[in-house]
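The values are calculated or read from the model by the stated rules, or taken from the named source; none is laboratory data. Values in this document were obtained by computation on a predicted structure and should not be read as measured data. Every residue, glycine as well, gets a Cβ built from its backbone with ideal geometry; the counts of neighbours run over all protein chains shown. Keep in mind that these areas ignore ligands, DNA and RNA; they rest on the heavy atoms of the full protein, side chains included. Shrake-Rupley method; radii C 1.70, N 1.55, O 1.52, S 1.80 Å.
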Amino acid sequence: MSDSSKRKSAKNKSSTKVSNQLPRSRRKKVEQALEDGVNPKGSPRSKKKPKIHRFARSRVKVGTMRTIRFPLLETEMGDPWPVRVTVIHGSKPGPVLTLLGAVHGDELIGPMALTHLLGTQFCGPDRPIDPENLAGTIRIVPVVNLPGYRMRSRYFPDGRDLNRESPGSSKGNTTSRVAQRVFKNIIKGSDYVVDVHTAARGRTNLPQIRADLADPASNLMARAFGIEVILDSLGPRGSFRRSANEMDIGYVTYEGGGANASDAGAVQVVLYGILNIMRSLSMISGNPSRPQARLLAHGSQWIRADEGGLLDMRTPAGRFVEEGEIVATITDPERPGAIATVISPVQGLLICTATNPYVNSGAPVGHILPIHRGRKTVESMLNEDRILVPSGTDGDPPWREETEVDEIQVEGEWFEGSVDGGWHSEHGPPMSQVSAEEEAES
Ligand SMILES: [Zn+2]
């Protein structure tokens with residue numbers, strides 16, 4: 001080892017040290033996960049010589065790719081909602097990686113990205129994902145919530161949220177039955193899952209990963225993704241992420257862009273992230289790209305309107321704002337000429353902003369990661385408009401050693417214990433569509 005690389009790894013050791021300001025029990029867990037993540041134990045499945053891969057009632061031969069229609073409901077009558085599941089079964093041993101899109105039917109970045117991934121640019125002989133050379137198995141489901149997607153809705157036809165009913169029950173309500181089938185057939189047999197989302201209606205997200213960093217496999221995936229912003233959190237109650245983690249399945253939720261909207265940058269970032277995870281797990285060849293620095297956030301703050309009216313955001317998601325900076329203005333059709341400003345209470349990185357202009361006093365308009373330590377590093381990643389442009393948004397992201405990545409811990413807690421807890425229903429769907437158990441994570 002050269003002197004300079006010695007210095008680098010020493011530096012890395014101190015920068016990945018888990019902060020003393022985290023609650024002690026949490027700190028211990030994340031530290032342990034970091035250690036386990038450095039030397040992943042691998043899945044027992046990954047040691048076996050590959051043979052036929054069974055999915056639901058179908059079989060996929062070694063070194064082949066096959067698309068199966070998997071019915072979300074087992075019925076004789078009515079629409080069983082057959083979703084398209086493509087299984088790429090490699091000819092070398094390796095883990096099972098599952099990729100999900102549109103668990104919320106109106107979040108379209110997942111269907112777009114996973115459809116690209118299945119195209120000839122990425123899949124097939126001599127492409128990055130070549131069944132002949134693949135180690136392990138990939139299952140790709142571009143649209144999980146098929147009825148919601150057809151209706152351009154986040155929800156199921158019974159008005160419930162598929163990502164709040166897991167692990168579900170075969171005797172429960174419609175959404176619960178579907179959650180049970182998805183969990184049992186698609187998620188349970190996986191070692192790792194990437195679940196692609198966007199912000200819920202009325203807001204937009206800077207591309208970000210959400211993962212329980214105390215779970216070793218999820219910690220490994222979150223870092224391997226090669227993204228700047230990682231939110232350390234448990235999945236909401238009833239989410240596939242929470243149920244999967246309880247079974248030691250690695251699970252990360254990607255969030256980028258907004259519902260019912262396209263966003264080429266958010267699609268690019270998740271495509272690179274998925275390939276990075278495959279490379280880090282040695283499923284495909286090549287070196288993963290990595291960001292200059294990553295923020296590991298354990299909490300956040302909210303920027304709220306103090307007046308009601310029509311909101312005009314002045315700062316987009318991704319912008320680094322100063323304490324006291326005007327992030328939005330509010331006008332009121334009842335009082336032409338009057339204008340109110342919305343001020344950031346703290347310096348930091350805006351990770352989500354409102355897109356719905358209708359606000360009342362107290363409504364959240366921005367979600368911010370307060371940045372104190374590591375400010376210089378964050379600033380070095382901003383463009384001339386003081387916006388963090390995620391690695392991979394435009395063009396191939398660079399390759400760098402893991403030891404060259406700076407890690408910045410963002411202390412704090414999540415409002416009401418959930419990453420999106422501050423949004424609640426101000427920008428959500430009509431109350432008639434919100435089930436009683438609804439939590440706000442998108
Ligand atoms: Zn979602």
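Considering only Met65, Val143, Ser262, whose Cα is most displaced toward the positive end of the charge dipole of region 44-297, charges sitting on Cβ of Lys, Arg (+1) and Asp, Glu (-1)?
It is Met65, whose Cα lies furthest towards the positive end.
So how strong a dipole does the chain carry about its Cα centre when Lys and Arg Cβ are +1 and Asp and Glu Cβ are -1, to the nearest 20 debye? The partial results should precede the final answer.
Values: 56 positive and 52 negative charges, 489 e Å.
Charge dipole of the chain: 2340 debye, to the nearest 20.
How many angstrom lie between the Cα centre of region 163-195 and the Cα centre of region 373-396?
So the separation of the two Cα centres works out to 37 Å.
Using Cα springs under 10 Å in a Gaussian network model of the chain, which residue among Thr204, Thr253, Thr329 shows the largest mean-square fluctuation?
Comparing Thr204, Thr253, Thr329 in a Gaussian network model of the chain, the most mobile one is Thr329.
Given H placed on each backbone N at 1.01 Å, which residues far from Gly258 in sequence or on other chains put an amide H within less than 5 Å of it?
Residues meeting the criterion, in which the H sits 1.01 Å from N, are Ala199, Asn205.
Which of the aspartates and glutamates could be linked to Lys376 by a straight reach, that is with a Cα gap under 13 Å, when you skip same-chain ones fewer than 8 residues away?
Straight-distance partners of Lys376: Asp406, Glu407.
Tell me the per residue accessible area of the chain using a 1.4 Å probe; a whole number in Å² is fine. Show your work: numbers first, answer last.
Working: 19420 Å² over 442 residues.
Counting only protein heavy atoms, the per-residue value for the chain is 44 Å².
Suppose we take every Cα in the chain and form the convex hull; what volume per residue is that in Å³?
Details: hull volume 65.7 nm³, N = 442.
Residue-normalised Cα hull volume stands at 149 Å³.
Roughly how many percent of the accessible protein surface of the chain is carbon and sulfur, given a 1.4 Å probe and a whole-percent answer? Walk me through the intermediate numbers first.
Details: 9480 of 19420 Å².
About 49 percent, which is the carbon plus sulfur part of the accessible surface.
Based on DSSP H runs of at least 4 residues, each adding -39500 (n - 2.57), what is the mean residue ellipticity at 222 nm of the chain after dividing by all its residues, to the nearest 500 deg cm²/dmol? Show your work: numbers first, answer last.
Working: 10 runs with 96 residues, N = 442.
After summing the helix terms and dividing by the residues of the chain, the value is -6500 deg cm²/dmol.
When only DSSP loop residues count, what trypsin sites (Lys or Arg not before Pro) in region 142-185 have their Cβ near at most 15 other Cβ atoms within 10 Å? Mind showing how you got there, number by number?
Working: sites: Arg150, Arg152, Arg154, Arg160, Arg164, Lys171, Arg177, Arg181, Lys184; in loops: Arg152, Arg154, Arg160, Lys171.
Here the trypsin sites (Lys or Arg not before Pro) that fit, given the DSSP loop and packing criteria, are Arg152, Lys171.
For a quick check, take a GNM of the chain with Cα springs below 10 Å and name the residue from Thr120, Thr86, Thr353 with the largest mean-square fluctuation.
Checking each option, the largest mean-square fluctuation is seen for Thr120.
Along region 291-303, what does the Karplus equation 6.51 cos²θ - 1.76 cosθ + 1.60 (θ = phi - 60°) give for ³J(HN,Hα), rounded to whole Hz, x for Gly and Pro?
x, 5, 8, 10, 9, 9, 9, 10, x, 7, 10, 10, 9
Return the long-range amide H neighbours of Glu325 (sequence gap of 5 or more, or a different chain), with a cut-off of under 5 Å between placed amide H atoms.
The answer is Ser344.
Please label the shape of region 44-297 as rounded, prolate or oblate, based on the square roots a ≥ b ≥ c of the eigenvalues of the alpha-carbon gyration tensor (a/c under 1.5 means rounded; beyond that, a/b larger than b/c means prolate, else oblate).
Numbers: a/c = 1.45, a/b = 1.10, b/c = 1.32.
Verdict is rounded for region 44-297.
Over region 171-298, what portion of Cα pair distances is larger than 27 Å, expressed as a whole percent? Kindly include the intermediate steps, with their values, before the conclusion.
Numbers: 1517 of 8128 pairs.
Tail fraction, whole percent: 19.
Any chance you could run the full-extension gain for Asp36 through Asp312? It's 0.36 nm times the residue separation minus the Cα-Cα distance, nm to one decimal. Mind showing how you got there, number by number?
Numbers: separation 276, 0.36 × 276 = 99.36 nm, distance 4.59 nm.
That pair, Asp36 and Asp312, stretches by 94.8 nm at full extension.
Search the structure for amide H atoms under 5 Å from the amide H of Val193, placed 1.01 Å from N in the peptide plane, and list their residues when 5 or more places away or on another chain.
Thr98, Gly250, Tyr251, Val252
What are the ³J(HN,Hα) values, in whole Hz, obtained from phi via the Karplus relation 6.51 cos²θ - 1.76 cosθ + 1.60 with θ = phi - 60°, for each residue of region 340-345 in sequence order, with x given for Gly and Pro?
Ordered by residue, 3J(HN,Hα) equals 10, 10, 10, 10, 6, x Hz.
Enumerate the calculated ³J(HN,Hα) couplings along region 66-76 in order (Karplus 6.51 cos²θ - 1.76 cosθ + 1.60, θ = phi - 60°), each rounded to whole Hz, writing x wherever the residue is Gly or Pro.
9, 9, 10, 9, 10, x, 5, 10, 9, 9, 8
On full extension of the chain, what length is gained from Glu74 through Asp394, given 0.36 nm per residue of separation minus the C-alpha to C-alpha distance?
On the way: separation 320, 0.36 × 320 = 115.20 nm, distance 4.32 nm.
Result for the pair: 110.9 nm of gain on full extension.
Go ahead and run the numbers for FRET between Glu411 and Ile52, Cβ-Cβ distance against an R0 of 35 Å, rounding to 0.05. Please report the intermediate quantities before stating the final value.
Values: r = 49 Å, r/R0 = 1.40.
E(calc), rounded to 0.05, equals 0.10.
As a test of understanding, state the convex hull volume per residue of region 119-218 from its alpha carbons, in Å³.
Details: hull volume 15.5 nm³, N = 100.
Value for region 119-218: 155 Å³ per residue.
Semi-axes of the equivalent ellipsoid of region 184-232: what are they in whole Å, largest first, if each equals the square root of 5 times a C-alpha gyration tensor eigenvalue?
Values: eigenvalues 88, 52, 14 Å².
Equivalent ellipsoid of region 184-232: 21, 16, 8 Å, largest first.
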